[in-house]
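The values are calculated or read from the model by the stated rules, or taken from the named source; none is laboratory data. Here the structure is a predicted model, which is why all the values come from computation and not from measurement. A quick note on method: Cβ atoms are made from the backbone with ideal geometry, for glycine too, and the neighbour counts reach across all protein chains shown.
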Amino acid sequence: MFIDKVTVFLKAGRGGDGCTSFKRGRYVSCGRPDGGNGGRGGDVYFEYDVHMATLLDLSCTPRLKAEDGQKGSSNNKFGKSGKDLILKIPVGTLVFKSGKFYADYSGTANERILVVKGGRGGRGNASFKTARYTAPRISEKGEPGEAAEVNLELLLIAEVGLVGFPNSGKSTLLSQISAAKPKIADYPFTTLIPNLGVVNYRGKSFVVADIPGIIEGAHKGRGLGFEFLRHIRRTNILVFIIDVSATDGKDPYLSYKVLNDELRKYSKYLVKKHIITVLNKIDLPNCREHIKKFMKHLKNKKIFKISAATGSGVNELIVEMIKMLKDPPVLKFEEEVENVFVKKYIYQPKFQVNFENGVFVVTGTKIEALTKMTKFSEDEALRRYQNIIKKIGLEVELERMGAKPGDTVKIGNFEFVFER
Ligand SMILES: Nc1nc2c(ncn2[C@@H]2O[C@H](COP(=O)(O)OP(=O)(O)OP(=O)(O)O)[C@@H](O)[C@H]2O)c(=O)[nH]1
Ligand SMILES: [Mg+2]
């Protein structure tokens, strides 16, 4: 099965909790703190794999999680880190994280990208020890792993894309110039999924994609073409295949115009690519007149006349493709990916307080992480938490907003009663 669009929900591993422990032994009188740190949670990575052709595997497992880190323990033992999760995806897959463009295949072998990062392990009480603070009864919980919804979109990697109306002979041409064996038949929409073929010609080789036929209104979703037009966005060259025998009753020049129009409506970039115009089925008897008429409209253009079925004119077409492939691409692929994610420096205050339905709601990445990592059952951890809250000015801000003792304050998923 060919699956080229998948949404997965990925979660990195949680960090292991830190440990509070004291060494007591025959020769150790005071009880040295020896609680170890928790291990780091596993990350989730994507790895581009040249042997994969579909996103089928991932479509069967929409929720995936990396391993959690293990708890630290006494005797300064650190918890084991969680195992990273490495997911293989076909080359040419675009990655969108939380709705924004995140990564694309850059062409290096076994390229790996970090998608969601594992949580930090909580610190054990041994690491809270300082010269003045020799017996800390405090350790942290592990940090939760990052989670994100990720959309994957596979765009085929091909240098040349064949486009045209159904039945124009795209699959026939692909079977003629490569070893690919696509289904060929005299009814529209024979090709339901894109086919790839490798063309080898006089020591040169390149990949050609044959996509399902495009009909008028394809850019609005009519027919199948719309779904698969995406795949030709990566190609350097588009080859327009036009049935010049007009067996379907359509004037070939009109077909050419509609095709151009559809592509332009789909994306303003597509029609800017190198384009080769090909009139196909010249072996059929009634095409002479049509060729003449067609050429009148496009006098100054180089137009190829072939028969994909008999192979006539096909070698000249391949030579032209090779010649054009030497030219640099008209535009870089990145220009076409809409919604390109540009990292900007955004000033983020340490926290923000909003008053919602009688509750003071505090938000902020750092303060929320601190809240999640604090073990409120430990007195010292609680004291440390209160100190930090005071230091960053949260208490003052809450008072300024009118918080009175007894009011509810919510930080992340935790609720507190405001005291002074
Ligand atoms: N006589 C003749 N018939 C051709 C030629 N090229 C293709 N055909 C016939 O046209 C019909 C359609 O060919 P396909 O290659 O399946 O067309 P397609 O463009 O891939 O069609 P879709 O996959 O439906 O979009 C088949 O019956 C082919 O045998 C040609 O050069 N000459
Ligand atoms: Mg076909």
message = Checking the condition closer than 15 Å to Lys11 by Cα and touching a residue at least 24 places away in the same chain (Cβ under 8 Å), which residue from Lys88, Lys97, Lys77, Lys71 passes?
response = Lys97
query = Which condition breaks for Arg14 when tested against (1) assigned to a strand (DSSP E or B); (2) modelled with pLDDT of 95 or more?
reply = (1)
query = Which residues, counting only those in the stretch 151-194, are under 30 Å from Phe9 (Cβ atoms), in contact with a helix residue (DSSP H, G or I) (Cβ under 9 Å, 6 or more places away or on another chain) and away from ligand 2 (no atom under 11 Å from the Cβ)?
reply = Leu152, Glu153, Leu154, Leu155, Leu156
task = Could you tell me which residue of the stretch 240-293 is farthest from the chain's Cα centre (by Cα), considering only residues that are hydroxyl-bearing (Ser, Thr, Tyr) and away from ligand 1 (no atom under 16 Å from the Cβ)?
result = Tyr253
message = Quick check on my filter: what residues within the stretch 38-49 are within 14 Å of the chain's Cα centre (by Cα) and assigned to a loop (DSSP other than H, G, I, E, B)?
response = none
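For (1) crowded, with 17+ Cβ neighbours inside 10 Å; (2) modelled with pLDDT under 90; (3) assigned by TED's automatic domain parsing to the domain that holds Ile184; (4) more than 25 Å from Pro182 (Cα to Cα), each residue gets a yes or a no:
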| position | (1), (2), (3), (4) |
| --- | --- |
| Tyr256 | yes, no, yes, no |
| Leu270 | yes, yes, yes, no |
| Asn280 | yes, no, yes, no |
| Asp283 | no, no, yes, no |
| Lys299 | no, yes, yes, yes |
| Lys305 | yes, no, yes, no |
| Met321 | yes, no, yes, no |
| Leu325 | no, yes, yes, no |
ask   = Out of curiosity, is Thr130 under 23 Å from Leu55 (Cα atoms) and β-branched (Val, Ile, Thr)?
value = no
inquiry  = Under 6 Å between Cβ atoms, which residue pairs at least 6 apart in sequence (or on different chains) link something in the stretch 191-219 that is within 16 Å of ligand 1 (Cβ to nearest atom) with a partner that is among the acidic types (Asp, Glu)?
reply    = Asn195/Asp210; Ile214/Glu262; Ala218/Glu262
task = Test each condition in (1) in contact (Cβ under 8 Å) with a residue 40 or more places away in the chain; (2) closer than 29 Å to Lys88 by Cβ; (3) of a type in the set (Ser, Thr, Tyr) for Thr172 and report the one that comes out false.
result = (2)
ask   = When the stretch 130-171 is examined, which residues are found to be among the polar types (S, T, N, Q), buried (at least 20 other Cβ atoms within 10 Å of the Cβ) and farther than 25 Å from Arg264 by Cβ?
value = Ser139
Flag if Gly118 is crowded, with 23+ Cβ neighbours inside 10 Å, closer than 29 Å to Ile3 by Cβ and more than 16 Å from ligand 2 (Cβ to nearest atom) = yes
Hey, Ile242 within 16 Å of ligand 2 (Cβ to nearest atom), crowded, with 17+ Cβ neighbours inside 10 Å and at negative phi or not = yes
query = Restricting the stretch 294-319 to residues that are of a type in the set (Gly, Ala, Ser) and in contact with a Ser or Thr (Cβ under 7 Å, 6 or more places away or on another chain), which is nearest to ligand 2 (Cβ to nearest atom)?
reply = Ala308
